Amino acid sequence: MTAAHDVERRLPPVMELGVASLVCTLTAGVIVAARGPKADLLWPAVVLLAVSAALLVAAGVLMARIRPFAWRQFFQVWKWATLAYVVIAGMLEYVFVKDETPGRILAMLTLLLVAFAVTVPSLLAFSVARFQER
Amino acid sequence: MTELARETRDMAPAQAAPVRPATLIPATIVPLQGLPIVAVVLVGLVVAIASNKLWALDFFHVVGGGLWTGIDLFVGFVVGPILGRLSIPARAEFSARFMPKMMLIMPTLVTVTLAAGWQLGLYEGFVNSGYHYHAWVVASYVVVAVMAIVALGVLEPANLAVLFELRKPEPNGERIAHLMSRFVWAAGVTGAMQVATLVIMTRLATA
């Protein structure tokens, strides 16, 4: 085994796709927030959310094909990180609901928060599992 | 941490091996005794938002944001360079104890700052697109997004991977150095964004 292999296994671009998905989610969030809470639904944000979801699914498919992979450690990190990020996303959702954000915008923001709360724990869990023995 | 990365990377594998902290590392990745404090802070935040009182919202936004900015700049530009001058076992031990606390503190501060900030923006009318300085508000969204990408997409995954590596019977020093090498440019980007935050927030507060 080479020194380079010891540092990092050659793996499919799961991390890169995950970060790209996060970039799309946050950009969509900025677009929605920039227009104000009472604005109409913004199609660029909808497209970015769809791209974000597609990138996340692609990352998941690539990850599922990695052999061998430390799934036990992945889910160990994922479940706790998801709990933490659900609390964080829940706080922001609470603010949007309390302020009576219009239905379509609220749905958009909720989907963005769901994407956020799925992407970040997945990135954290993958970053740990990739360096673990099975 | 930057110096640790550079120095450990430059060492031969045989020399880089003893990175495991000399004393026992904490039993859990996240310090569980800190969770009640986080819960109290979040309950206070919910109460502040529910009551929609200007003072309470301002308190959470200013205190949370001030600590977030201060800690980011202090760790990136004061603690980091000092750490670089410590022995490698000392740095590893410091990191093993410091990073778990940061994994609890920083997400809490970010959540408090953003949630209270959005509600404060609604209260003051900053978030409405008709607000005179709305461009500054949008700039603050972009700054937060850039910091979130760096923190959540780069730094936090690396921190967590380092913490798990340090818990192994024989941590891979080269791997730790490789993971920490990304802290160099991340500290620079985060520092620049935090300075931009200070400029934007002081501008909005005096508008």
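Every number here is computed from the coordinates shown, using simple stated rules; none is lab data. Fair warning: this is a prediction, and the values are worked out from it, not measured in the lab. Here the Cβ is made from the backbone with ideal geometry for all residues, glycine too, and neighbour counts use every protein chain on show.
Look at the stretch B:150-161: the mean tally of other chain Cβ atoms within 10 Å of its residues' Cβ atoms is 5. Loop-resident chymotrypsin sites (Phe, Trp or Tyr not before Pro) (DSSP state other than H, G, I, E or B) in region B:107-146 with no more than 16 further Cβ atoms inside 10 Å of their Cβ: B:TYR133. Dividing the Cα radius of gyration of region A:11-129 by its Kirkwood radius returns 1.02 for Rg/Rh. The order of the peptides A:46-59, B:68-81, B:150-163 by mean Cβ neighbours within 10 Å, most packed first, is B:150-163, A:46-59, B:68-81. In region B:2-205, inverting the average of 1/r over every pair of distinct C-alpha atoms gives 18.5 Å as the Kirkwood radius.
Hydrophobic, long helices, defined as DSSP H runs whose alpha-carbon span along the helix axis is 20 Å or greater and whose mean Kyte-Doolittle value is at least 0.0, occur in chain B at B:35-51, B:54-74, B:88-124, B:134-150, B:183-205. The H on the amide N of B:VAL127, modeled in the peptide plane, is under 5 Å from the matching H of B:LEU122, each at least 5 residues off or on a different chain. Taking every DSSP helix (H) stretch of at least 4 residues in the protein assembly as shown, weighting each as -39,500 (n - 2.57) and dividing the sum by the residue count yields a mean residue ellipticity at 222 nm of -25000 deg cm²/dmol. With a cap of 14 neighbouring Cβ atoms within 10 Å, and only residues DSSP puts in a loop, list the trypsin sites (Lys or Arg not before Pro) found in region A:41-87. Those satisfying the criteria are A:ARG65. Among the residues of A:86-95, the average count of other protein chain beta-carbon atoms within 10 Å of the residue beta-carbon is 5. Magnitude of the Cβ-charge dipole of region B:31-144, K/R +1 and D/E -1, about the Cα centre, nearest 20 debye? Dipole about the Cα centre, nearest 20: 320 debye. Principal axis analysis of the Cα atoms in the protein assembly as shown yields extents of 62, 42, 33 Å, listed in decreasing size.
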